[in-house]
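Below is one structure; the comments refer to it alone.
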Amino acid sequence: MRDALVKLAGWTGVIARAGLWVAGIGLILMTAFVFAQVCFRYLLGSSLFWAEPASVMLMGWFILLGAAVGVKEGYHLSFDVGLMIMPKSWTPWFHSLSDLVVTSFGFGMVWFGWQLAAKAANGDIAGLGISRMWNFAPLVGGGALLILFSVERILRRAAGLRTLRFGDTDEPETGMMHSGD
């Protein structure tokens, strides 16, 4: 099982890197769209009718993809305050409980995001001419990644492999971890 989880970590690492690239490109595009809109509006006296809705949609993608990757890398959505007063032996249990809560939150994002997308599917986004369901796609995609990355963390811990925490780095080839500088 350990070997399968190490292999899974390699695949989810690729997914996380792709998510970060998409999020980064989305952030750059959103910034460019907003800058172009300001220039067109105040310098040319015109408006780019598509810039605002496209920027809002891109913002949803880079926020939710970034949050999911933060879970994978141990930098986001964790409940560590109680660990300061608990015995060290309880730490893995509290980390798993935290990951279960994040997994549940991811399920809620997928479930309710899908429902919102279905309700909005018949309308169009003004300025873009595409279905309003695409406004909720980042919620579903980000939630699915939260589930994937949180379940991976739970399985790694159950197999005796350490999970990433703030300041740690992962070596997927061995499944072992060491502290970062």
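The values are calculated or read from the model by the stated rules, or taken from the named source; none is laboratory data. Since we're looking at a predicted model, the values are computed, not measured. So basically every Cβ, Gly included, is an ideal-geometry build from the backbone, and we count neighbours across all protein chains shown. Heavy atoms of the whole protein, side chains included, go into the accessibility calculation; ligands, DNA and RNA do not. Shrake-Rupley method; radii C 1.70, N 1.55, O 1.52, S 1.80 Å.
Could you list, in sequence order, all residues of the range 9-55 that are of a type outside the set (A, V, I, L, M, F, W, C), free of Cβ contacts under 8 Å to residues at least 24 places away in the same chain and closer than 30 Å to LEU161 by Cβ? Before you say what the answer is, go through the steps one by one.
In the first step, residues of the range 9-55 are kept if they are of a type outside the set (A, V, I, L, M, F, W, C); the result is 10, 12-13, 17, 19, 24, 26, 31, 37, 41-42, 45-47, 52-53, 55.
Imposing the further condition that a residue be free of Cβ contacts under 8 Å to residues at least 24 places away in the same chain reduces the set to 17, 31, 37, 41-42, 45-47.
Once the filter is applied, which keeps residues that are of a type outside the set (A, V, I, L, M, F, W, C), free of Cβ contacts under 8 Å to residues at least 24 places away in the same chain and closer than 30 Å to LEU161 by Cβ, the range 9-55 yields only ARG17.
Can you work out which of the residues in the range 88-131 that are in contact with a helix residue (DSSP H, G or I) (Cβ under 6 Å, 6 or more places away or on another chain) and not in a helix (DSSP H, G or I) is most open to solvent (accessible area, probe 1.4 Å)?
LEU128
On the basis of being part of a helix (DSSP H, G or I) and touching a residue at least 40 places away in the same chain (Cβ under 8 Å), does TRP134 make the cut?
yes
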